[in-house]
Amino acid sequence: QVQLVESGGGLVQPGGSLRLSCAASGSVFGISAMGWYRQAPGKQRELLARITNSRTTNYADSVKGRFTISRDIAKNTVYLQMNSLKPEDTAVYSCTAETITRDYWGQGTQVTVSS
């Protein structure tokens, strides 16, 4: 089992920045990749960014150039640096951990971009 706890969400003005963190615990040795999703009210869940153990990254077009995913394997933590935030980035952001048997999810953290 893997447990994931996100932090760093909150209210930010348009154009501002936030950094989300997701700490993994439990059977972390089985994690092969971690990622960030978001889901806004009335919209489908969207994969934003993903990073593998070899630090290969992938981004959704909607956040490419504005968001950066990174991972500290020693701390079992993945980060999402979000810059140039827009009102349409408002959503619940969740992290995931992929293992050979299943994917694990955190509880999510709210990000609200508003003036």
TODO: Mind checking which aspartates and glutamates have their Cα closer than 13 Å to the Cα of LYS64? Skip sequence neighbours fewer than 8 apart in that chain.
DONE: ASP89
Open item on the list: From the phi angles alone, apply the Karplus equation (6.51, -1.76, 1.60; θ = phi - 60°) to region 24-29 and give each ³J(HN,Hα) in whole Hz, x where the residue is Gly or Pro.
Closed with: 9, 9, x, 7, 6, 5
TODO: For LYS86, list the aspartates and glutamates whose Cα falls under 18 Å from its own Cα; do not include residues on the same chain fewer than 8 positions away.
DONE: GLU46, ASP61
- [ ] Obtain the nm distance between the two label points defined at THR56 and SER115 by a simple spin-label model: each point lies 7 Å from its Cα along the Cα-to-C-beta direction.
- [x] 4.2 nm
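Only the coordinates and a few stated rules stand behind these numbers; no lab work does. Treat the numbers as computed from the prediction; the structure is a model and nothing was measured. Cβ coordinates were reconstructed from backbone atoms using ideal geometry, including for glycine residues, and neighbour counts include every protein chain displayed.
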